[in-house]
Amino acid sequence: MKRTIKIALVVMAAISFAYCKKPIEFKEIEVDNIFSLQMPAYLHPTGDLLPVTASNIHQYEDSAGKVCLMIFDTTREGFEISTLKTFYDSMVANPVMDSTRMLAPRLVKIDNDSAYESEITGKHNDTKLFGEMVAIASKERFYFILSWSSLDRRDELKPDIEKMLNSFHDISHPKK
């Protein structure tokens, strides 16, 4: 009987530890005095996501390369595209995944700026992926933020990604 109680206590403790997930730590990053956002501490800068390195493409991933984030920023001055919708459409026009499915974009406000947000799923190299993306139009700049991972991690990562995307702040206007 005592052995059964000990086993039950061990099982209950294991279940408790499994369900008591440590909260994810976020850190605020500021990029080139242009924008800032809250980013999960497990992401760090990389240059491996795109073969092109440009000062307006900011790349981050976790140490295992299983969660990725890219931020594109561009000035609106002299840019051929003038509307947020046109910018969004240009950024999602040529997906690099097979079997791509994109949800219709929703118009939202992020940091008092208009934004289109959407979700994308598809396959790349036999891996099923999901991504959250947002295109933001501030007074002087356009931003496109894309974060992705394997589809089987969607439920686990979606809260982190949403918190990150919604924390975006264009430094050219006051923080709320």
Report summary line: When region 142-164 is checked residue by residue, the ones that are under 16 Å from Lys109 (Cβ atoms) and open to solvent by less than 60 Å² (accessible area, probe 1.4 Å) are Phe142, Tyr143, Ile145
Query raised in the report: Restricting attention to region 124-141, and to residues there that are in a strand (DSSP E or B), open to solvent by 40 Å² or more (accessible area, probe 1.4 Å) and of a type outside the set (S, T, N, Q), which single residue is modelled with the lowest pLDDT?
Result: His124
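Does Ser114 meet the test of being in a loop (DSSP other than H, G, I, E, B), hydroxyl-bearing (Ser, Thr, Tyr) and more than 16 Å from the chain's Cα centre (by Cα)?
No: the conditions fail for Ser114.
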Query raised in the report: Of the residues that sit in region 67-111 and are assigned to a loop (DSSP other than H, G, I, E, B) and on the phi > 0 side of the Ramachandran plot, which one is surrounded by the fewest Cβ atoms within 10 Å (Cβ to Cβ)?
Result: Gly78
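The values are calculated or read from the model by the stated rules, or taken from the named source; none is laboratory data. Only a predicted model underlies this, so the values are computations on that prediction, with no experimental measurement involved. All Cβ positions, glycine included, derive from the backbone under ideal geometry; neighbour counts span all protein chains shown. The accessibility values were calculated without ligands, DNA or RNA, using every heavy atom of the protein model including side chains. Shrake-Rupley method; radii C 1.70, N 1.55, O 1.52, S 1.80 Å.
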